[in-house]
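Data first, discussion second: the structure below is written as structure tokens.
The values are calculated or read from the model by the stated rules, or taken from the named source; none is laboratory data. All values derive from a computational prediction rather than experimental measurement. Cβ placement follows ideal geometry from the backbone for every residue including glycine, while neighbour counts extend to all protein chains displayed.
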Ligand code: HEM
């Protein structure tokens, strides 16, 4: 056996000398060294120990060791696709410029590229796509004015209205932190103490909590936004995506049958439809209100637990979206995609919806941690227009986003030495006025139950039957105090709704065979079991 460092085929420095038959298909390492042996590590004799200068081995393994980034703290499971948005140039029958100066909407037929990511919310990156959960519907518009992200869900409302409650809500919906076992008691413990969630729970436990797939589901911005015109005047806006294929939801049984065989049915459905040229399409509608408090309504227009009445605030079409291209690499595009509610273009604005304002901090904060400081330099996140900032360096800086004429020495502003300059504002700034005390306070028109009752009554009979059966199934493992509170909330929504849940629970209690074979147990049972284990 000879010793030495530059033996060909080891993946060491000698590999640089290889390449007599090198062509475009030649395997290399990340340093561009051609690899002659990708099967055998370098050892002292065929049975001897592995040596440490195996550069190719060390690089290959250590890159593999870092292949995963933290998954999204919520919405970890998702699928994405590229496409375009086509504007109608008007809102309903009116010229859209009357309400917003956002360029992407102005011209009929104008196309803006988009990337969309659909998701489930609570469970991890490889969890089944059949779970009862809202579905995420996040759209990145690569507009000529920079990116606009519309980060929505399939359902039109949300569980809570105050961002301070979001981490608690997600903890309650997740498995037990001790046993890692999912238990509806945790969810209903939180929900029974958060009456504003009654409306959303009514949707989530009905078939609307399990959309059949991503192509046959709606999307909604949920939060209230603003549009701003050239005069700086604003209107309140809600966004809604309506699928061309119509809406299809699953019963619990149908979902279970799919889940028994396939954890990825929705991703597969989307991917295969796009591959065969059957491009999914949605129409974008807005609902509009004047920008004021609307004391005539029995709800607050800034409350994301409420629907805006469609008769009073009709759905006005503004454009359509077509998804026509699958990602080429799931990780680079879908996993590293970063959407945020702060990502707005000129002519679009925030409202004072508290939940929206809380969200706006959270997205870019988590993305700097999840993807990295320079996540906006990645192709999926970078705008498709020129970017010129004075932000520099940080981990994984890929390029300096300098303007062609900018002095490389001037990375600050203001400057007279060839630095970047501010632009003249295109229209008047929207300047909302405030005169109020700084407080911690619930909104006045909470009205937590009325719309939940209306939604219950609007469901078709089979949807109501499913809702009651799903609720009873989840609540039967909860402690009686939680059950009682939930029955009260459902009764306040609609007396029939409350009594049907109560009857279902009484039946389940009288006949233990109704308790099913759930692994879920009450916290008392769980505590007893854990106690026995540690005793
Ligand atoms: C994802 C926070 C409410 C829709 C996320 C992520 C965070 C977050 C931290 C992970 C982002 C990432 O890693 O890239 C919050 C907070 C909320 C809130 C703090 C309330 C205070 C909502 C609401 C909606 C929503 C009301 C629906 C309108 C989404 C969607 C995603 C997401 C669709 C996934 C985006 C993607 O596909 O990458 N949220 N969220 N969130 N959130 Fe929220």
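What about residue 202, is it away from the ligand (no atom under 16 Å from the Cβ) and crowded, with 23+ Cβ neighbours inside 10 Å? Yes: the conditions hold for residue 202. Considered as a group, the residues in segment 32-85 that are more than 16 Å from the ligand (Cβ to nearest atom) and under 26 Å from residue 139 (Cβ atoms) include one that is surrounded by the fewest Cβ atoms within 10 Å (Cβ to Cβ), and that residue is 84.
Taking the conditions (1) in a strand (DSSP E or B); (2) free of Cβ contacts under 8 Å to residues at least 60 places away in the same chain; (3) more than 10 Å from the ligand (Cβ to nearest atom) in turn, residue 122 satisfies each one other than (1). The requirement of being within 16 Å of the ligand (Cβ to nearest atom) and surrounded by fewer than 18 Cβ atoms within 10 Å (Cβ to Cβ) is fulfilled nowhere in segment 398-413; no residue meets it.
Scan segment 328-343 for residues that are more than 13 Å from the ligand (Cβ to nearest atom) and either in a loop (DSSP other than H, G, I, E, B) or at pLDDT below 95 (or both) and the total you get is 2. Residue count for segment 161-184 satisfying the condition of being part of a loop (DSSP other than H, G, I, E, B) and either at negative phi or in contact with a strand residue (DSSP E or B) (Cβ under 8 Å, 6 or more places away or on another chain) (or both): 11.
Residue 158 meets all of the listed conditions (1) surrounded by 22 or more Cβ atoms within 10 Å (Cβ to Cβ); (2) assigned to a helix (DSSP H, G or I); (3) out of contact with any strand residue (DSSP E or B) (no Cβ under 9 Å at 6 or more places or on another chain) but one, namely (2). Could you tell me whether residue 346 is over 17 Å from the mean Cα position of the chain (by Cα), within 15 Å of the ligand (Cβ to nearest atom) and part of a loop (DSSP other than H, G, I, E, B)? Considered against the rule, which asks whether it is over 17 Å from the mean Cα position of the chain (by Cα), within 15 Å of the ligand (Cβ to nearest atom) and part of a loop (DSSP other than H, G, I, E, B), residue 346 comes out as no.
Tell me which residues, restricted to segment 212-242, are assigned to a loop (DSSP other than H, G, I, E, B) and within 16 Å of the ligand (Cβ to nearest atom). So that I can check it myself, show each step before the final result.
Kept after step one, since they are assigned to a loop (DSSP other than H, G, I, E, B), are these residues of segment 212-242: 212-218, 221-224, 229-233.
Answer for segment 212-242, where residues must be assigned to a loop (DSSP other than H, G, I, E, B) and within 16 Å of the ligand (Cβ to nearest atom): 214, 217, 218, 221, 222, 223, 224.
From 347, 319, 340, 358, which residue is touching a strand residue (DSSP E or B) at 6+ places or on another chain (Cβ under 8 Å) and within 22 Å of residue 165 (Cα to Cα)?
On the way: 347 fails: within 22 Å of residue 165 (Cα to Cα); 319 fails: within 22 Å of residue 165 (Cα to Cα); 358 fails: touching a strand residue (DSSP E or B) at 6+ places or on another chain (Cβ under 8 Å).
After ruling out the rest, the residue left standing is 340.
Residue pairs whose Cβ atoms lie under 6 Å apart, sitting 6 or more positions apart in sequence or on different chains, and linking a residue in segment 40-67 that is within 30 Å of residue 330 (Cα to Cα) to a partner that is exposed (fewer than 10 other Cβ atoms within 10 Å of the Cβ), do not occur here.
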